[in-house]
Amino acid sequence: MKKTLLITASFLLLFVVSISNVKAQEWSTGLDIYSSYLWRGAKFGTGAALQPGVEFSAGGFAIGAWGSYSTGAEEAAEADLYIGYGFDLGENASLSFTLTDYYFPFESDWTEGESHYFEPMVSLGVGAFTFTAAYMEGLGDDEINTTSDLYLEAAVSAGPVDITLGGGDGQYTDDGDFNICNIMVGTSKEVQISESFTLPVSGAVMLNPSTGGFHIAVGISL
């Protein structure tokens with residue numbers, strides 16, 4: 001509990017210090033509805049997934065909350081907090097750092113450390129390519145609940161198509177050893193509903209060679 005509250009307090013303190021001298025500030029909210037929740041080679045829960053998000057940004061800094069709640073018989077719920085900062089590195093290049101607190105409500109109360117997993121992540125964008133490295137650390141009180149999982153990813157946008165290749169260990173693979181765990185091809189488009197309203201629609205096909213999992217999902221963004 002103390003570790004969880006300390007890290008959460010650090011989130012808020014870092015954010016307050018970061019935006020104290022920044023004037024350009026913005027709130028944003030949204031809701032994605034997907035046929036399935038797909039993430040880094042895995043599918044969570046059954047049925048459609050409702051994924052709300054709230055974010056406050058100021059300059060290159062952002063702090064927000066994001067969640068996913070399945071509608072099927074096999075429930076899966078996630079409620080995350082994150083803080084990050086992005087830099088422009090010149091024409092067609094960027095660098096960003098993000099710290100995320102993954103929380104799973106059905107595992108235990110929010111104040112208990114067993115259901116929190118903290119992940120620092122760095123992403124480098126160069127032209128159409130994006131390279132990401134993330135390391136997730138669990139805060140469990142025993143060896144069973146404690147995790148430390150590495151995930152590396154390379155993605156490229158080729159016109160309307162996004163292609164992702166990811167590898168990881170621990171929770172991401174069948175035996176826990178580092179392996180390719182996420183091959184995904186996705187696309188998105190704007191569907192014209194009326195003269196003044198368009199609906200963003202996206203879809204993806206995902207294969208995890210390590211576990212043998214193969215999934216397809218489509219969604220809309222509001």
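The values are calculated or read from the model by the stated rules, or taken from the named source; none is laboratory data. From a predicted model like this one, the values you see are computed outputs, not experimental measurements. Positions of Cβ are generated from backbone atoms using ideal geometry, with glycine treated the same way; all protein chains shown enter the neighbour counts. Heavy atoms of the whole protein, side chains included, go into the accessibility calculation; ligands, DNA and RNA do not. Shrake-Rupley method; radii C 1.70, N 1.55, O 1.52, S 1.80 Å.
Rounded to the nearest 0.05, what FRET efficiency do TRP110 and ASP88 have when you use their Cβ-Cβ distance and R0 = 41 Å?
With R0 = 41 Å, the Cβ-Cβ based efficiency is 0.70.
What FRET efficiency, computed as 1/(1 + (r/R0)^6) with R0 = 25 Å and r the Cβ-Cβ distance, is obtained for VAL126 and TRP39, rounded to the nearest 0.05?
E between VAL126 and TRP39, to the nearest 0.05, is 0.55.
For MET184, what charge total do you get from the other residues with a beta carbon under 14 Å from its beta carbon, if Lys and Arg give +1 and Asp and Glu give -1?
Net charge around MET184: 0.
I want the local charge near SER68. Using Cβ-Cβ distances under 10 Å, sum +1 for each Lys or Arg and -1 for each Asp or Glu among the other residues.
-3
Once both labels are modelled 7 Å past Cα along the beta-carbon direction, what's the SER221-LYS189 spacing in nm?
For SER221 paired with LYS189, the spin-label model returns 1.7 nm.
Give a residue-ordered list of calculated ³J(HN,Hα) values for region 83-88 (Karplus: 6.51 cos²θ - 1.76 cosθ + 1.60, θ = phi - 60°; whole Hz; x for Gly, Pro).
Each residue's phi maps through the Karplus curve to give 9, x, 9, x, 10, 8 Hz.
Simple spin-label model, 7 Å along Cα-to-Cβ: ALA158 to GLU75 in nm?
Calculated label separation equals 4.2 nm.
Going highest first, how would you order 210-220, 61-71, 194-204 by mean Cβ packing within 10 Å?
Final packing ranking: 61-71, 210-220, 194-204.
Given a 1.4 angstrom probe, what's the average accessible area per residue across region 78-222, in square angstrom?
In whole numbers, region 78-222 has 55 Å² accessible per residue.
When only DSSP loop residues count, what GluC sites (Glu not before Pro) in region 39-103 have their Cβ near at most 13 other Cβ atoms within 10 Å?
Passing both the DSSP loop test and the Cβ count: GLU74, GLU91.
Add +1 for every Lys or Arg and -1 for every Asp or Glu among the other residues with Cβ under 15 Å from the Cβ of ALA48, and state the total.
With Lys, Arg at +1 and Asp, Glu at -1, the neighbours total -3.
Keeping the other protein chains in place, figure out the carbon and sulfur percent of the accessible area of region 64-219, with a 1.4 Å probe.
Accessible surface attributable to carbon and sulfur in region 64-219 totals 60 percent.
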